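Okay, so here's the structure we're looking at.
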Amino acid sequence: MNDVNELPNSGYERRFERRKLMWKADTRSPLDFFCRLAAQICEAPLAFLFSTSDGGVSLLSSHGAEGSDLAGYVNFSISVFDAAEGSTMVVTDLKEDLSFHRNPQIEPPLGLRFFASCVFSNDMEEARCFICVLDNFPKTLTAYQLQSLNSLGGPVLEFLRLDKRVGELESNEKRLVNTLKVYQEGQRINKLGVWELDIATGKTIWTEEVYAIHEVPVGFDHNQSNGVDFYHPEDRETIREAVMSCIEHQRPFDVSCRLITATGREKWVRATGKRINGTLLGAFQDITDIKRQEWKFKGIFDSSLSFIGFLNLEGVLLEANETALREAGIRREDVVGKFFWDCYWWQISVAAREELKHNFKRACKGEEVTYEVSVWTRNETPVTILFSLKPVRDEFGNVIYIIPEGRPIQEIVATRNRYRALIESTLAGTFEWDVSSGSIVVNDQYAYLLGYEPRELDSFSVRDWEDFTDRVHKKRVKALLISCFKKERAYFQLEVPARQKSGHFIWVNVRGKVIEWSEDGRALKMYGTLQDISDRKEREEEARYQQNILHALYELSPIGISLVDYYTGEFVDVNRKLLEPTGYTKEEFLRLTNAEITPVAYEQLEQQAVQDMKLRGYYGPYEKEHIRKDGSRYPVRLQGVVIKDLKRRKLIWSFTEDISSKKETESQLSVALANLRAVLDAGTQVSIIATDLDGVITHFNTGAEEMLGYSGQEMIGKNTPSLIHLEEDIFSEAAKIQEEFGEIVSGFDVLVYRARKGMAYTREWNYLRADGTPFPVLLSVTAIRQGGYTTGFLGIAVDISRLKEAERKVSELHELTKQQNDRLRNFAFIVSHNLRSHSGGISGLVDLLKTANPDYFENEVVSMIELGANNLRQTIQDLTEVIKVNLDNEARVNLAIRPLIQRNVESLSAMIRKENIRVENLVPERLKIRAIPAYMESITLNFITNAIKYKATDRDSYLRIDATEDGGQVIMSFEDNGMGIDLEKHGKVLFGLYKTFHRHQDSRGVGLFIAKNQIETMGGHIEVSSEVGFGTTFKVYLPVESA
C-alpha cells in the first residue's frame, strides 16, 4: 500500500480529502491476503478493505490499484458505501444502473463498470469494516461467490480484534514501564522504599531504596529478626509490638522512630505496614530531613514572642505554641482539642468570647481580621494584645485552617493612653480660619493665652488677629501666609510677640496649615495652633547669658581646661588655671604637644586614653604627672571628651586638675580614717555592724559587743544579723514589703531590702542579746558603695530602752493632762454659767430698781452700780468666748474664701453704707483653705468691723481684702487706710486680752485676742504692719486646702 502525497485535483479526490480519509502506510500481509482473496472470489482485478469509526474511514489494505488511480477508486468506494442501505451490495454494470446517474455525488472513475461490497461487524459492533471489489468489465456474481465473499468477514474481524488487543497490550506495557520508572524515581527522591514479609517463613523482600536507607549493599541477607535490630535500642520494642499487632490482629501500623544504619549513622524513619493474607506489606521512608524541618519549625513556633496557634474551621484549637501556654500558666492538654473561645485566655469576659466568635466567622470566609482585645495571662492577669485571625488556603483558594496570633501591646497601649492624655491636657491654643469669610474660631485656651474670656473672642476675625502683634512681625506673618496660599510651602511656623488684653506682650509660636482648597486652587480653610513660648524665650536668653558666664568660668575656672587637636595632640587653647603650675606663657604652651609635657613612664596610660576615646568618645579620669618648664613634675588628674567644632574638626576638651595639695590631703585623710576606725571601735553606746552582700558580718564594733553580749570573733565571717533579730519582727517587716512593693523576701534580705534600692530607712527593731533577752533599738541600714557598686551593708543601732521608758511616762502624763483639761473645761463651763446667772440676777435687780425708782439713778453711786453690773455681764460674755476658743476644736474643712468674705460684707452692708467706707473683695474665686468655718466667720467679721470702727475721718476710707497662695499656705490680707496703730508703743501687747489702742465706745480689747487664738488653733499665724495716720494691714497665714 502506497502513500498518496499529491494534491487532490478531481472531484473524487477533493471529496476524498473532505471525508478525512485515513489509511496506514504500513503493509499488513494478512489483510493484503484478504484483499487478494476477495478479488479472486469475484474474478476482478481490484479490491479494497476499509475500517470505519467516528473519526472517519481508514484504508486497511488494497489490491490491484496503484498511484493516482488509487485515490479515485477509494473515494468512489467510500461514496457508494455511504449511500448504500444494506450490508451487501452488488452493481453488475455501473453504466446501466440508473441510481448512479441520478446521484451527482457518486461519480464512478472513468471506465469502471462493476462494483461489489460487503459490510462486516460483530454482535457488539466493537469492530466494523467493509470490503469492495471493482472491475472495468460488467459481471454477475454467483450465489457461491457472494457466500464466499461474505464468509471473509469472520476472519477479518477476528484479525482486527486481535490486532487491536495487541496494540492495547503494547500501550499498557509502555505505560507500565513509564509508571515503574516514575515510581522508582519517586522512591529515590522521597527516600521511600517498599518491603514485604512472608509471615510463615519470616523472610523479607526489600526494594533498592530500603537497602539505601539501611546503608547496606543490595543483596544483603535480611529477615524479620535482623531487620528489627537496625532500630535504635529505645525504639525496637515499639516497632516489634507494631509488627506483631499487625500480624496477630491485622492492625495496620504507622510508626516514626530512629534507625541505626550499617555505618553507625542515626536516622529518623517512618515505617508503615498492613497484613494481606499471609503477607505483610509496608513502606519504609527516611524522614530525617523532615524531622529536622519539623524541629526547626517547632523551635521557631515555640520561641516566638507572640501567641500562635492553629484552628480548624470548626474553631477547635489544634496546636498552641509554648509562649501562649507559658504566659497563661497552662498545659497543652488544657486547651488543645477544645473550642478556642472556651480556652483559658478568653474567660476574661463574655464580650471577649462573643467578639472572637464573630471575627472567627469572618476569617473562615477568607477575611484577615486584626483587632485589640484584653485576654487573661497567668493568675487571671489581664493584658492587652494585638490579635489577628489569618486564613490559610489550599492550592484552590479554599480556607482550610485559621492561624490565631496575639502580640502583647500593653506598653504600647499605656504609651498611647499617656500620649492621648498629654494631647488633651496641652496648653496650646487652636484656631480654624475660614479664609473666604475672614472669621476665625478659637478654643478656650487660645483666649486665655491672650488674656481674654472665651466669649470675648466669639466674633473673632483675621483683622483682630493682625492687631495682636507688632508691625515688624505682622509683615513676616503676611509673607508666610501668602507663601502657603501659593502652595510654595506646606505650612508656616513663626515665633512672634503677641499682645495680651492687658497690653502685655508674650512670645508665642504660631503654626498653620491649609486644610481645604477650592477646585481652582484657592485656600479655603486653615488650621493652626498658638503656644506660649515665653518661658522658652526666657530660657534662650538665659542660655545666652549662661554662655557668657561659661566663657567667664572658662577663664576663671579653678580647674585647668584645654582644647587639644585629636590627631596631632597640639594645644588649640588653654585657660589661665592650666598655665599656673607649668611656668610657661600661653604663647609658649600653645607651641607644645601633650607628649612634650608628659613623662615617658605614662605612655601606656596615654595609649589607653586614646583607645577609650576611640571606643567611648571620652577618657578618664586618671592620674599622671606633667612636666614644668623648669623640668620638675607635679601630679594631675585628667579627664576629657571628644567633640567636633562647627568646622567638623575633631577636638578634645581636657580638664586638668593640679592635685598636689589633694595628694597631701589624701595622706592626711588616710591617717584620719585610721583614727576614725579606732573611734568606731571604741564607741560603746552605738552598735555598728557591717556585712557583705550575702549578709555575712564583716565588722562588729565594741559597742555591738557590749550591747549584744557577743564577741567580734564569734560573729565576723560566721553569722548574719538575722541572729540578733526577733523572727516576728522580720516576718512583720516582710509583710510590709510585700504590701508596699509586691515582692516576697525573707531572712537577711528583709533587713536590707530598702537599702538595696538606695532608700534610707530607719525604724525600731528588737535586738536579741546572747542570753536571749530582747531590747528595743533604733536601727538605720544603708548600703556601702564603692566605685558605683554596692559592696555590702552597714547597720547602726542605738539602744532606746530608756527612751521607750520615757515615752511610756510621757504617755501617762499626757493622759493625765487630758483628764485635767477635761475637768478644767467642766469647771470653766460651771463658773461661766454660775457667774452669768449671778450677773444676770444683779442686772435684773438693777433694771427693776431703775423701773420702780428712776430718780435713784440720778445719784452718782447708783449710776456707777448700773455701769458695774453691765461691765460684769460683758466681761463674763468675753471670758465665755475666750474659753470657747481655747477649748473648742471643730472639724476642719476645705473652705472657699471669696464667698465667705462676700457673705460678711453683705451682712454689714448697712453699717458700711452708714460709715461711707469702700470694701473691696479681691480674693480669687478658686482659692480655698483648710479651716474651721465658725472661726473664719468670726475672724473675717472682726477685721471688717475694726476697719469700719477705726476708719479715718479726714479722707475716703477703704478696706481691701485679698488672698494669695504661697508654698502650701494661703495669705489673707486686710488692708485699710484708717487711723493706724502705734506698734512701737503697743506692738508687744497688740493681741493681749482687754488691750485697746483707740478711744471708741465699742472698744473692748477682746476681738484681736480671740482672732489670734482662732488662727493659731487652725495651724496658722498672724502678722501686722501699721503706721499711725496711714492705715493698718493684717496678714493671716493659713494652710491651703487638702486633696
Exercise. When we measure straight from the Cα of Lys736, which aspartates and glutamates land under 16 angstrom away, once same-chain ones fewer than 8 places off are left out?
Worked result: Glu727, Glu728, Asp749, Glu764
Exercise. What FRET efficiency do you get for Tyr1037 and Gln410 if R0 is 56 Å and r is their Cβ-Cβ distance, rounded to the nearest 0.05?
Worked result: 0.75
Problem set entry | Sorted by Cβ neighbour density within 10 Å, fewest at the top, the residues Trp345, Trp376 | Trp376, Trp345
Exercise. Quick one: Karplus J couplings for the stretch 436-451, per residue in order, coefficients 6.51, -1.76, 1.60, θ = phi - 60°, nearest Hz, x for Gly and Pro?
Worked result: 5, 8, x, 7, 10, 9, 10, 8, 4, 5, 4, 5, 4, 4, 8, x
Exercise. For the pair Leu110 and Lys139, what calculated FRET efficiency results from E = 1/(1 + (r/R0)^6), where r is the Cβ-Cβ distance and R0 = 22 Å, to the nearest 0.05?
Worked result: 0.75
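When the dipole is taken about the Cα centre of the stretch 455-503, and only Lys, Arg (+1) and Asp, Glu (-1) are charged at their Cβ, what size is it in debye, to the nearest 20?
Working: 12 positive and 8 negative charges, 52 e Å.
The calculation lands at about 260 debye.
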Problem set entry | Reach of Lys914 by Cα under 15 Å, taken over aspartates and glutamates that are not fewer than 8 positions away in the same chain | Glu906, Asp956
Problem set entry | Estimated vicinal HN-Hα couplings, Hz - the stretch 461-475 in sequence order (Karplus 6.51, -1.76, 1.60; Gly, Pro = x) | 9, 5, 5, 4, 4, 5, 6, 7, 10, 7, 5, 5, 6, 4, 5
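Extension gain Val316-Glu354, at 0.36 nm per residue separation less the Cα-Cα distance, in nm?
Working: separation 38, 0.36 × 38 = 13.68 nm, distance 1.54 nm.
That pair, Val316 and Glu354, stretches by 12.1 nm at full extension.
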For this session: May I ask you to compute the full-extension gain from Glu570 to Glu764, defined as 0.36 nm times their residue separation minus their alpha-carbon distance, rounded to one decimal in nm?
Result: 63.7 nm
Exercise. At what distance in nm do the modelled label points of Asn894 and Gln40 sit from each other, each positioned 7 Å from its Cα along Cα→Cβ?
Worked result: 13.3 nm
Exercise. In nanometres, what is the gap between the two model label sites at Lys757 and Glu906, each 7 Å from Cα along Cα-to-Cβ?
Worked result: 5.2 nm
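Estimate the FRET efficiency between Gln607 and Arg648 by the formula 1/(1 + (r/R0)^6), using the beta-carbon distance for r and 25 Å for R0, to the nearest 0.05. Working shown, then result.
Values: r = 26 Å, r/R0 = 1.03.
My answer for the efficiency is 0.45.
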Exercise. Reachable lysines from Lys513, Cα under 22 Å, same-chain residues fewer than 8 places away excluded?
Worked result: Lys474, Lys475, Lys478, Lys486, Lys487, Lys525
Exercise. Quick one: which of Lys203/Lys274; Lys267/Lys291; Lys624/Lys650; Lys624/Lys663 span more than 18 angstrom between C-alpha atoms?
Worked result: Lys624/Lys650
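Could you give the length gained by full extension between Leu553 and Lys95, i.e. 0.36 nm per residue of separation minus their alpha carbon distance, to one decimal place?
Numbers: separation 458, 0.36 × 458 = 164.88 nm, distance 13.99 nm.
My answer for the length gained is 150.9 nm.
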Problem set entry | Phi to ³J(HN,Hα) by Karplus 6.51 cos²θ - 1.76 cosθ + 1.60 over the stretch 717-731, Hz, x for Gly, Pro | x, 10, 10, 10, x, 4, 5, 9, 10, 5, 4, 5, 5, 5, 4
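So for the stretch 891-1039, Kirkwood radius off the Cα pairs, Stokes-Einstein at 4 °C and 1.567 mPa s: how many µm² s⁻¹? Please list the in-between numbers first.
Values: Rh = 15.6 Å.
In µm²/s, the coefficient rounds to 83.
Read the figures in this text as sums done on the coordinates, not as results from a lab. What you see is a predicted model; the values in this text were computed from it and never measured. Using ideal geometry, Cβ is built from the backbone for each residue, glycine included, and neighbour counts are taken over all protein chains shown.
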